[in-house]
Amino acid sequence: PSEVEQLDMHGVIIDFVQAMRPQGQLKGIELRLCLEAENAMIAAAADTMRQVLLNGLLNAVDAIHTSGERGGVIELTTRQISKDDLPWLEICLTDTGCGLAPEHSDKIFDPFFTTKEPGAGTGLGLSVSLSLVEAMGGSMRALSREQGGMALYIFLPQRQIQANF
(Lines give C-alpha, C1' and ligand atoms only; values in the text may rest on other atoms or scores of the structure.)
Protein backbone atom coordinates (compact mmCIF):
# COMPACT_ATOMS: atom_id res chain seq x y z
CA PRO A 1 0.00 0.00 0.00
CA SER A 2 1.12 3.52 -0.80
CA GLU A 3 1.96 5.95 1.97
CA VAL A 4 -0.59 8.71 2.56
CA GLU A 5 1.05 12.12 2.81
CA GLN A 6 0.18 15.79 2.58
CA LEU A 7 0.24 16.11 -1.19
CA ASP A 8 0.27 19.15 -3.50
CA MET A 9 -1.92 17.96 -6.38
CA HIS A 10 -0.65 20.71 -8.66
CA GLY A 11 2.84 19.23 -8.37
CA VAL A 12 1.50 15.72 -8.96
CA ILE A 13 -0.46 16.87 -12.02
CA ILE A 14 2.49 18.77 -13.51
CA ASP A 15 4.84 15.80 -13.01
CA PHE A 16 2.22 13.42 -14.42
CA VAL A 17 1.65 15.54 -17.53
CA GLN A 18 5.39 15.92 -18.15
CA ALA A 19 5.75 12.13 -17.96
CA MET A 20 2.79 11.56 -20.31
CA ARG A 21 3.56 14.16 -23.02
CA PRO A 22 6.21 12.05 -24.81
CA GLN A 23 3.92 8.98 -24.90
CA GLY A 24 2.85 7.88 -28.37
CA GLN A 25 -0.88 7.73 -27.64
CA LEU A 26 -0.95 11.51 -27.09
CA LYS A 27 0.35 12.22 -30.60
CA GLY A 28 -1.82 14.89 -32.16
CA ILE A 29 -3.65 15.60 -28.88
CA GLU A 30 -3.15 18.93 -27.14
CA LEU A 31 -2.88 18.55 -23.38
CA ARG A 32 -3.76 21.76 -21.51
CA LEU A 33 -3.41 22.59 -17.81
CA CYS A 34 -5.54 25.14 -16.00
CA LEU A 35 -4.56 24.85 -12.34
CA GLU A 36 -6.78 27.46 -10.69
CA ALA A 37 -7.12 26.11 -7.13
CA GLU A 38 -5.46 28.45 -4.66
CA ASN A 39 -4.78 25.49 -2.39
CA ALA A 40 -4.33 22.04 -3.96
CA MET A 41 -3.18 20.20 -0.83
CA ILE A 42 -4.87 16.87 -0.02
CA ALA A 43 -4.11 13.85 2.18
CA ALA A 44 -3.39 11.09 -0.34
CA ALA A 45 -0.79 8.77 -1.79
CA ALA A 46 0.95 10.14 -4.88
CA ASP A 47 0.90 6.74 -6.62
CA THR A 48 -2.83 6.45 -6.05
CA MET A 49 -3.49 9.89 -7.51
CA ARG A 50 -1.27 9.18 -10.53
CA GLN A 51 -3.30 5.99 -11.15
CA VAL A 52 -6.58 7.92 -11.00
CA LEU A 53 -5.20 10.55 -13.42
CA LEU A 54 -3.83 7.87 -15.76
CA ASN A 55 -7.16 6.01 -15.94
CA GLY A 56 -9.00 9.25 -16.73
CA LEU A 57 -6.43 10.34 -19.29
CA LEU A 58 -6.43 7.00 -21.11
CA ASN A 59 -10.23 7.10 -21.37
CA ALA A 60 -10.05 10.63 -22.77
CA VAL A 61 -7.40 9.60 -25.32
CA ASP A 62 -9.51 6.60 -26.40
CA ALA A 63 -12.59 8.83 -26.74
CA ILE A 64 -10.69 11.25 -28.98
CA HIS A 65 -9.33 8.43 -31.16
CA THR A 66 -12.80 6.80 -31.33
CA SER A 67 -14.42 10.06 -32.45
CA GLY A 68 -12.55 9.88 -35.74
CA GLU A 69 -11.41 13.47 -35.34
CA ARG A 70 -7.81 14.19 -36.22
CA GLY A 71 -6.26 15.39 -32.99
CA GLY A 72 -8.21 16.74 -30.08
CA VAL A 73 -7.84 18.52 -26.76
CA ILE A 74 -7.64 17.20 -23.22
CA GLU A 75 -7.76 19.77 -20.44
CA LEU A 76 -6.95 19.18 -16.79
CA THR A 77 -8.25 21.84 -14.42
CA THR A 78 -8.37 22.30 -10.68
CA ARG A 79 -10.40 24.58 -8.49
CA GLN A 80 -11.21 24.83 -4.85
CA ILE A 81 -14.84 24.39 -3.87
CA SER A 82 -16.79 24.29 -0.63
CA LYS A 83 -18.97 21.37 0.42
CA ASP A 84 -20.71 21.42 3.80
CA ASP A 85 -18.58 24.47 4.68
CA LEU A 86 -15.37 22.44 4.21
CA PRO A 87 -12.71 22.91 1.51
CA TRP A 88 -12.60 20.40 -1.34
CA LEU A 89 -10.41 20.11 -4.41
CA GLU A 90 -12.17 19.59 -7.73
CA ILE A 91 -10.08 18.09 -10.52
CA CYS A 92 -11.75 18.06 -13.91
CA LEU A 93 -10.47 16.21 -16.96
CA THR A 94 -12.29 17.19 -20.17
CA ASP A 95 -11.85 15.89 -23.69
CA THR A 96 -13.12 16.67 -27.17
CA GLY A 97 -13.80 13.00 -27.91
CA CYS A 98 -16.98 11.15 -28.80
CA GLY A 99 -18.77 11.99 -25.56
CA LEU A 100 -20.87 9.83 -23.30
CA ALA A 101 -24.07 8.29 -24.64
CA PRO A 102 -27.03 8.91 -22.29
CA GLU A 103 -27.64 5.17 -21.92
CA HIS A 104 -24.08 4.74 -20.61
CA SER A 105 -24.04 7.57 -18.07
CA ASP A 106 -25.22 5.43 -15.16
CA LYS A 107 -22.89 2.50 -16.04
CA ILE A 108 -19.56 4.25 -16.65
CA PHE A 109 -18.18 3.43 -13.18
CA ASP A 110 -19.45 -0.18 -13.17
CA PRO A 111 -16.73 -2.86 -13.11
CA PHE A 112 -16.15 -4.41 -16.56
CA PHE A 113 -18.38 -1.92 -18.37
CA THR A 114 -16.73 -0.73 -21.55
CA THR A 115 -17.78 0.72 -24.89
CA LYS A 116 -14.48 -0.31 -26.46
CA GLU A 117 -14.02 -3.11 -28.96
CA PRO A 118 -13.37 -6.55 -27.46
CA GLY A 119 -9.75 -6.80 -26.38
CA ALA A 120 -9.28 -3.01 -26.33
CA GLY A 121 -10.11 -2.47 -22.67
CA THR A 122 -11.23 -4.23 -19.53
CA GLY A 123 -13.76 -1.71 -18.25
CA LEU A 124 -11.94 -1.51 -14.93
CA GLY A 125 -10.12 1.85 -15.15
CA LEU A 126 -12.88 4.17 -13.95
CA SER A 127 -14.28 1.57 -11.55
CA VAL A 128 -10.87 1.23 -9.87
CA SER A 129 -10.44 5.01 -9.86
CA LEU A 130 -13.81 5.50 -8.18
CA SER A 131 -12.89 2.96 -5.49
CA LEU A 132 -9.57 4.72 -4.85
CA VAL A 133 -11.20 8.16 -4.67
CA GLU A 134 -14.01 6.94 -2.40
CA ALA A 135 -11.42 5.36 -0.06
CA MET A 136 -10.05 8.91 0.39
CA GLY A 137 -13.53 10.23 1.21
CA GLY A 138 -14.03 11.69 -2.26
CA SER A 139 -16.34 11.13 -5.20
CA MET A 140 -16.37 11.14 -8.99
CA ARG A 141 -18.87 11.86 -11.72
CA ALA A 142 -18.83 11.93 -15.51
CA LEU A 143 -20.92 14.19 -17.73
CA SER A 144 -21.29 14.73 -21.44
CA ARG A 145 -20.42 18.25 -22.49
CA GLU A 146 -22.74 20.33 -24.67
CA GLN A 147 -19.84 21.27 -26.96
CA GLY A 148 -18.92 17.58 -27.35
CA GLY A 149 -16.69 15.26 -25.42
CA MET A 150 -16.87 14.37 -21.77
CA ALA A 151 -15.94 15.84 -18.40
CA LEU A 152 -14.67 13.62 -15.60
CA TYR A 153 -14.90 15.28 -12.18
CA ILE A 154 -12.89 14.13 -9.19
CA PHE A 155 -13.82 15.63 -5.81
CA LEU A 156 -11.37 15.25 -2.91
CA PRO A 157 -11.68 16.57 0.64
CA GLN A 158 -8.87 18.86 1.74
CA ARG A 159 -8.01 17.67 5.21
CA GLN A 160 -4.78 17.46 7.15
CA ILE A 161 -3.07 14.21 8.05
CA GLN A 162 -3.49 13.53 11.74
CA ALA A 163 -0.20 12.85 13.53
CA ASN A 164 -0.14 9.87 15.86
CA PHE A 165 2.13 10.46 18.85
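The values are calculated or read from the model by the stated rules, or taken from the named source; none is laboratory data. What you see is a predicted model; the values in this text were computed from it and never measured. Note that we place each Cβ from the backbone using ideal geometry, even for glycine, and neighbour counts take in every protein chain shown. For the accessible areas, the whole protein counts, side chains as well, though only heavy atoms, and no ligand, DNA or RNA atoms are used. Shrake-Rupley method; radii C 1.70, N 1.55, O 1.52, S 1.80 Å.
With helices defined as uninterrupted DSSP H runs, which ones in the chain have an alpha carbon span along their own long axis of at least 24 Å and mean Kyte-Doolittle hydropathy of at least 1.0? Walk me through the intermediate numbers first.
Values: long enough: 46-66 (30 Å, 0.40).
Within the chain not a single helix satisfies the rule.
Neighbours of LEU35 by Cβ distance under 13 Å: Lys/Arg scored +1, Asp/Glu scored -1, total -4.
Ignoring ligands, DNA and RNA, what accessible area per residue does the stretch 5-53 give at 1.4 Å, in Å²? Present the calculation step by step, with values, prior to reporting the outcome.
Details: 2530 Å² over 49 residues.
Using a 1.4 Å probe on heavy atoms only, each residue of the stretch 5-53 averages 52 Å².
Projecting the Cα atoms of ALA37, MET150, VAL12 onto the dipole axis of the chain, where Lys and Arg carry +1 and Asp and Glu carry -1 at the beta carbon, places MET150 farthest toward the positive end. Using a probe of 1.4 Å, the accessible surface attributed to CYS98 totals some 80 Å² when neighbouring protein chains are kept in position. The alpha carbons of the chain stretch over 55, 31, 29 Å along the principal axes, in descending order.
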